Amino acid sequence: MAINKVKGTYDVCPNESYLWQRLEEEIRALMKLYNIKEMRTPIMEYSEVFHRQSELSDMVTKETYNFDDRGERRLTLRPEGTAGIIRAYVENKLYASGELEKVYYIGPNFRYERPQKGRYRQFYQFGVEAIGAIDPALDAELIILAYDFIKRLGLKGVRVRINSLGDEDSRQQYHHALKTHFDPHMETLCDDCKIRIDKNPLRILDCKIDQNHPALLNAPTPQDYLNTDSRHYFTSILEHLHMAGINYEIANRLVRGLDYYSHTVFEIEADIEGFGAQNVLGGGGRYQKLVKELGGPDLGGIGFAFGMERLLMAIDAENVDFAKEPILEAFILTFQPDYRSLATKILFQLRQARISCDMNYTQKSFKSQLKQAIKQQAKYLIIIGEDEYKRGVVGVKNTQTEVQDEVVVAKVPKYLKERLGK
Ligand code: HAM
């Protein structure tokens with residue numbers, strides 16, 4: 001019996017992997033431009049990297065894949081990139097230089113969510129973290145970077161939404177206000193929210209069960225509780241964004257679904273038909289306590305992550321002229337199976353000349369070889385017929401112009417190099 005893939009996962013088949021490669025190329029080129037280096041951290045971490053006392057989000061408390069390894073160590077498959085990056089930042093003492101550390105990452109994450117279009121149990125993120133500084137210019141830089149990225153992908157119906165949760169003091173005030181607001185509604189809130197009122201009232205705001213409860217809809221917003229310093233910090237970021245000509249919206253109710261945020265939070269949303277609830281392409285924000293919580297110095301950071309499946313969905317939906325399936329430069333067709341040793345030789349010579357090429361390996365008829373070449377969109381056909389084989393030549397046909405020349409075997413690489421402009 002055939003075994004199916006795990007629920008909420010997907011395969012990238014050979015006919016679509018070029019889209020992923022193209023997206024990754026775009027990311028790496030952009031990261032060069034912003035002078036940001038890649039960091040690769042493990043997919044599994046000790047559970048306490050994610051399961052911290054201060055982190056009560058659904059994502060961490062309800063959706064992580066946890067398991068014991070054979071040495072009885074409690075491990076977790078990462079549900080997001082930030083905590084692992086900070087663990088590695090601390091462990092490798094990247095703070096020792098005293099400089100800001102800017103890194104990016106691309107990789108899979110795992111969340112036990114209810115799968116639907118744009119929401120998977122294994123999904124890829126591209127993320128950036130800038131660790132070791134707090135400065136409105138840095139917050140603005142990260143938002144600009146996220147915006148720039150989306151523009152480069154050619155996506156149009158996209159909005160940047162931004163808000164501030166304020167510093168620790170403002171956050172405390174806000175938590176207190178939320179608690180006071182929700183207390184009288186205790187009885188009508190879901191069981192989880194009943195507990196959240198005392199433990200972490202912020203999380204009531206993104207409760208999936210109570211999302212339409214009137215008390216959520218008229219809850220106080222973080223903006224109402226920003227102290228003077230936090231307000232200045234936020235205003236300064238907005239000024240930077242304005243100067244850079246970035247269009248943004250202030251989203252009073254945006255708090256994001258993770259507990260490590262303070263000050264700036266932001267999301268990039270796509271206004272794309274058929275996207276439904278999964279229209280958030282990416283999001284991020286500032287975290288001031290995470291480095292310390294994971295055993296490092298008292299340093300803050302800011303970052304964001306995009307869901308790569310959602311990016312590709314948005315690209316597809318907007319019909320962006322983003323990537324073309326790679327085209328083969330030459331395909332060899334043989335009239336007789338016996339000629340395939342000559343074909344093997346030519347393939348080797350062509351590849352040494354950096355010309356992409358292939359032939360058929362299932363000994364199909366000439367007609368089906370031709371079909372395969374057309375499917376691969378080969379630019380040139382190299383035809384080894386009986387008469388040509390005897391005379392040490394091949395036919396080389398340009399599939400666009402249909403012009404065919406006879407070329408001496410040894411000269412095929414040179415002939416094609418000239419015509420392909422290599
Ligand atoms: P997040 O909002 O949980 O933030 O995830 C970022 C993005 O990952 C989402 O906007 C979405 O596009 C994608 N995503 C999340 N869950 C799924 C899923 N189940 N299936 C498909 N895509 C998904 C974070 O993960 C933070 N670490 C971002 C950050 C970095 N904050 C500071 N630095």
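The values are calculated or read from the model by the stated rules, or taken from the named source; none is laboratory data. None of the values given here were measured: they were computed from a predicted structure. Glycine gets a Cβ as well: all are built from the backbone with ideal geometry, and neighbour counts include every protein chain shown. We work out accessible area using only protein heavy atoms, side chains counted, and drop any ligands, DNA or RNA first. Shrake-Rupley method; radii C 1.70, N 1.55, O 1.52, S 1.80 Å.
Results, tabulated for the structure shown:
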{"read-out": "Among the residues listed as I43, I27, I36, the single one being among the β-branched types (V, I, T) and under 14 Å from the mean Cα position of the chain (by Cα)", "value": "I27"}
{"read-out": "Selection from the range 289-323 of residues that are among the β-branched types (V, I, T), within 14 Å of the ligand (Cβ to nearest atom) and more than 21 Å from G107 (Cα to Cα)", "value": "V291"}
{"read-out": "Residue ID - farthest from the ligand (Cβ to nearest atom), chosen from residues in the range 70-82 that are assigned to a strand (DSSP E or B) and not charged (D, E, K, R)", "value": "L75"}
{"read-out": "Candidates E129, E168, filtered to the one that is within 15 Å of the ligand (Cβ to nearest atom) and acidic (D, E)", "value": "E129"}
{"read-out": "Single unsatisfied condition, K102 versus (1) in contact (Cβ under 8 Å) with a residue 60 or more places away in the chain; (2) more than 13 Å from the ligand (Cβ to nearest atom); (3) under 21 Å from R152 (Cβ atoms)", "value": "(2)"}
{"read-out": "Failed criterion for I85 (all others in (1) part of a loop (DSSP other than H, G, I, E, B); (2) within 14 Å of the ligand (Cβ to nearest atom); (3) under 17 Å from the mean Cα position of the chain (by Cα) hold)", "value": "(1)"}
{"read-out": "Selection count, the range 362-393, where residues are in a strand (DSSP E or B) and either open to solvent by 60 Å² or more (accessible area, probe 1.4 Å) or of a type in the set (V, I, T) (or both)", "value": "4"}
{"read-out": "Neighbours by Cβ (under 8 Å, 6+ apart or cross-chain): first from the range 63-83, touching a residue at least 60 places away in the same chain (Cβ under 8 Å) and acidic (D, E); second part of a loop (DSSP other than H, G, I, E, B) and open to solvent by 10 Å² or more (accessible area, probe 1.4 Å)", "value": "E80/L258"}
{"read-out": "Residues of the range 81-92 that turn out to be closer than 14 Å to R52 by Cβ and either polar (S, T, N, Q) or buried (at least 21 other Cβ atoms within 10 Å of the Cβ) (or both), as a count", "value": "5"}
{"read-out": "Counted residues, the range 132-157 - those being touching a Ser or Thr at 6+ places or on another chain (Cβ under 7 Å) and within 13 Å of the ligand (Cβ to nearest atom)", "value": "1"}
{"read-out": "Residue in the range 222-242 that is within 16 Å of the ligand (Cβ to nearest atom), out of contact with any His (no Cβ under 7 Å at 6 or more places or on another chain), touching a residue at least 60 places away in the same chain (Cβ under 8 Å) and in a helix (DSSP H, G or I) present", "value": "yes"}
{"read-out": "Breaking point among (1) surrounded by 15 or more Cβ atoms within 10 Å (Cβ to Cβ); (2) more than 16 Å from the ligand (Cβ to nearest atom); (3) modelled with pLDDT of 95 or more; (4) closer than 30 Å to A140 by Cα, for E329", "value": "(4)"}
{"read-out": "Residues located in the range 261-288, provided they are modelled with pLDDT of 95 or more, open to solvent by less than 20 Å² (accessible area, probe 1.4 Å), within 9 Å of the ligand (Cβ to nearest atom) and not aromatic (F, W, Y)", "value": "V265, I268, L281, G282, G283, G284, G285, R286"}
{"read-out": "Lone unmet requirement of (1) closer than 27 Å to E418 by Cα; (2) open to solvent by 30 Å² or more (accessible area, probe 1.4 Å); (3) touching a residue at least 12 places away in the same chain (Cβ under 8 Å); (4) not in a loop (DSSP other than H, G, I, E, B) for F348", "value": "(3)"}
{"read-out": "Residues satisfying the stated conditions in the range 36-56, i.e. of a type in the set (S, T, N, Q) and within 26 Å of L312 (Cβ to Cβ)", "value": "T41"}
{"read-out": "Among (1) open to solvent by less than 60 Å² (accessible area, probe 1.4 Å); (2) closer than 26 Å to I209 by Cβ; (3) of a type outside the set (D, E, K, R); (4) within 13 Å of the ligand (Cβ to nearest atom), the one test that Y112 misses", "value": "(1)"}
{"read-out": "Within the range 379-406, tally of residues that are more than 29 Å from E325 (Cα to Cα) and of a type in the set (V, I, T)", "value": "1"}
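Residue-by-condition table, conditions (1) open to solvent by 30 Å² or more (accessible area, probe 1.4 Å); (2) basic (K, R); (3) more than 27 Å from D229 (Cα to Cα):
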residue	(1), (2), (3)
A146	no, no, no
R152	yes, yes, yes
I162	no, no, no
T188	yes, no, yes
D192	yes, no, yes
I195	yes, no, yes
K199	yes, yes, no
R203	no, yes, no
N212	yes, no, yes
